[in-house]
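To keep things clear, I will list the structure first and then write my remarks on it.
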Amino acid sequence: MLGAMMNRPLLISSLLEFAVINHPGTEIVSRRVEGDIHRYRWSDAALRCARVANAITRLGVKPGDRIGTLAWNTYRHLELYFGVSGMGGVLHTINPRLFPEQIAWIVNHAQDRIIFVDLTFLPLLDAVRAQLKTLEKVVVLCDADAMPAGRDDLVCYETLIAAESSTFAWPEFDERSASSLCYTSGTTGHPKGVLYSHRSTVLHAWASLHSGGLNIGRESVVLPVVPMFHVNAWGTPYAAAMSGAKLVFPGPGMDGKSLHELIDAEQATLLLGVPTVWLGLLTYLDSINAKMDSVKHAVVGGSAAPLSMIRAFDEKHDVFLIHAWGMTETSPLGTVNAPTEEVLALPKEERYLRQAKQGRPIFGVDLKIIDDEGQELPRDGRAFGRLMIRGPWVASGYYLQKDSPLTDGWFDTGDVATLDAGNTMQIVDRRKDVIKSGGEWISSIDLENIAVGHPAVKEACVIGVPHPKWDERPLLLVILKDGASISKEELLGFVGKSIARFWLPDDVIFVMELPHTATGKLFKLPLREQYANHLLKQVS
Ligand code: ADP
């Protein structure tokens, strides 16, 4: 027997409508590409979202059509989030950090008809434009007087939407309809498109609000440094519309100084970003001897947060660093290590170790770990295996790809992890990065995080390289902080204090830079190739 309840679809437009009625006066603050600070309210945003929907409808956009964006976190990008998806279009957020040829590839693959672009990224788009087969229009996200001169191939966003009505009857449709599209960074092969739905987006935002998630409420002032051009800024624009939290967008100002100014001026309470962004912020704050006073929590994800960072946030700023884990395919929130009474009561060093774990799944997400034969492994905090995930905001396939990535309804994350008796997950490594030495596994992430705990080290990267006796051995590559110096022996001595003997890297190489992917992660593939003979040469 079915229940007798209304079957109202979960639509992104309903978030906007809810925001307008329930918290019309809540502010959305943005650092604009133009450099100044812009502020308005949900009531203003809604009128402009309607104008966007009217404008693209007039341009012939039909439900299901893909509309690209190459843009920073600002109010204009927010208007596209709601205006495009709300009318039934699919917002394809393009990561400008992808290689130009990858951008051309994904725009053609997605068949974007229009691209909305920030002035910053116009040269990038111009460089590949001749290759874009389906592109009909480029709309520049700026005021009329900031439009590049002599470019009648471009449309001005403000001029475009000013001509439209500020009311739009948001259509009702199947909540499973596609709402946005985001490509993985594709470090091997072509990027893969993850096609989010209205339902998955609304459920993900809902789940993120509660205290075991990101704990976003009406009183929160949320500053997502995580970009709207990758995995929807971890869903924060939707979560803010749902909760009434104030949104503060950093625009292109991701450096420590710009972030600090904004955090202070807007009294941000919750920050979200990847470890490298926090490293920049912490270093800057140290350099001016300043403390973040308004911030209660900072969320970190995308890569593992080192213990030294968790400690610095707490000791210097009294900020609890909340570790979260996810991926493009999981919208992205999979697990969150939200503070609990029990954890807060622990002695500090013990507490930091708990914070270093990636956390528990939020309701809706199921996790398990399996061995190579597919057998489920115990939740004992020790056994590690392939991390599998399922849930209503986890991808069931890739855009325009026939093959299912699922195994018995579960998505293989490509990560190796442990789960403990309380279902807290800890990432051991990416499967492709784990180092297999003499039949044992060594976590490159653990070694990196220990190495960056040394005050002389700015960034560390550990790769497995071939070894005649042990198959593979760890090699430590480090960038030192400006003006710092340390010998190989000293650094290995420091790292060796926290690990089993056989984990100790066989060599240390000091480098000036390390390659990163478009999502800011260490890109180890070229390093493994470059240093493939390093130990073979030494040993023979
Ligand atoms: P890409 O576009 O490169 O796939 P994603 O943002 O989807 O980028 O990356 C997902 C991966 O990032 C995860 O599978 C995991 O390896 C890593 N990751 C994400 N969050 C964390 C975390 N908190 N700790 C360790 N690794 C993480």
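Heavy-atom accessible area with a 1.4 Å probe sorts K402, K137, K357, K257, largest first, into K402, K257, K137, K357. The candidates M5, M425, M254, arranged from most to least accessible area with a 1.4 Å probe in the full protein assembly, appear as M5, M254, M425. Here D408 and R501 are evaluated by their C-beta separation; at R0 = 41 Å the FRET efficiency comes out at 0.55.
Assigning unit charges at the beta carbon (Lys, Arg +1; Asp, Glu -1) and nothing else, what dipole magnitude in debye, to the nearest 20, does segment 265-415 show about its Cα centre? I would put it at about 260 debye. For segment 435-539, the number of Lys pairs with C-alpha atoms closer than 28 Å, counting only pairs eight or more positions apart or on separate chains, is 28.
Three principal axis extents describe the C-alpha atoms of the chain; from largest down they are 72, 65, 49 Å. Positive end of the dipole of the chain (Cβ unit charges, origin at the Cα centre): among L59, A149, A45, the Cα lying farthest that way belongs to L59. Summary value for the chain: 10 percent relative contact order, contacts being C-alpha pairs under 8 angstrom separated by 6+ residues. Around the amide H of D471, modelled in the peptide plane, lie the amide H atoms of G438, all under 5 Å away and 5 or more residues distant in sequence or on another chain.
Take segment 376-418 with all the other protein chains still there, run a 1.4 Å probe, and you get 52 Å² of accessible area per residue.
The Cα atoms of segment 53-181 cover 39, 32, 25 Å along the three principal axes, with the biggest extent listed first.
Among the protein heavy atoms, those of D471 account for about 110 Å² of accessible surface (1.4 Å probe, every chain in place). Charges were assigned to the Cβ only: +1 to each Lys and Arg, -1 to each Asp and Glu. The resulting dipole of segment 435-539 about its Cα centre is roughly 100 debye. For segment 84-153, the fraction of alpha-carbon pairs lying more than 20 Å apart is 28 percent, rounded to a whole number. Each label point was placed 7 Å from the Cα along the Cα-to-Cβ direction; for F99 and E136 their separation is 3.2 nm. Per residue, the solvent-accessible area of segment 239-302 (1.4 Å probe, heavy atoms of protein chains only, all protein chains present) comes to 33 Å². Just the number, please: carbon plus sulfur as a percent of the accessible area of the chain, 1.4 Å probe, no ligands or DNA/RNA counted. Exposed carbon and sulfur together represent 53 percent of the surface.
Projecting the Cα atoms of P227, L400, S303 onto the charge dipole of the chain (Cβ charges, centred on the Cα centre) puts L400 farthest toward the positive pole. Structure shown: which of K316/K348; K348/K368; K62/K137 lie over 18 Å apart, alpha-carbon to alpha-carbon? Flagged as over cut-off: K348/K368.
DSSP beta bridges fully contained in the chain are about 55 percent antiparallel.
Computed from the C-beta positions of E315 and L525 and an R0 of 25 Å, the FRET efficiency is 0.10 to the nearest 0.05. Here M327 sits with roughly 30 square angstrom of accessible surface, probe radius 1.4 Å.
Rounded to the nearest Hz, the phi-derived 3J(HN,Hα) couplings of segment 303-311 under the Karplus curve 6.51 cos²θ - 1.76 cosθ + 1.60 (θ = phi - 60°) are 8, 5, 8, x, 4, 4, 6, 4, 5, where x marks glycine and proline.
Amide H to amide H distances under 5 Å link I322 with A298, V299, V300, where only residues 5 or more positions off or on other chains count and H is placed in the peptide plane. Here the Karplus relation 6.51 cos²θ - 1.76 cosθ + 1.60, evaluated at θ = phi - 60°, turns the backbone of segment 514-523 into coupling constants of 10, x, 10, 7, 5, 9, x, 8, 4, 9 Hz, with x for every Gly and Pro. Taking amide hydrogens as placed 1.01 Å from N in the peptide plane, the amide H of E175 sits under 5 Å from those of L10, each at least 5 positions away in sequence or on another chain.
The values are calculated or read from the model by the stated rules, or taken from the named source; none is laboratory data. Quantities reported herein were computed from a predicted structural model and do not represent experimental measurements. So basically every Cβ, Gly included, is an ideal-geometry build from the backbone, and we count neighbours across all protein chains shown. Only protein heavy atoms, including side chains, enter the accessible area calculation; ligands, DNA and RNA are left aside. Shrake-Rupley method; radii C 1.70, N 1.55, O 1.52, S 1.80 Å.
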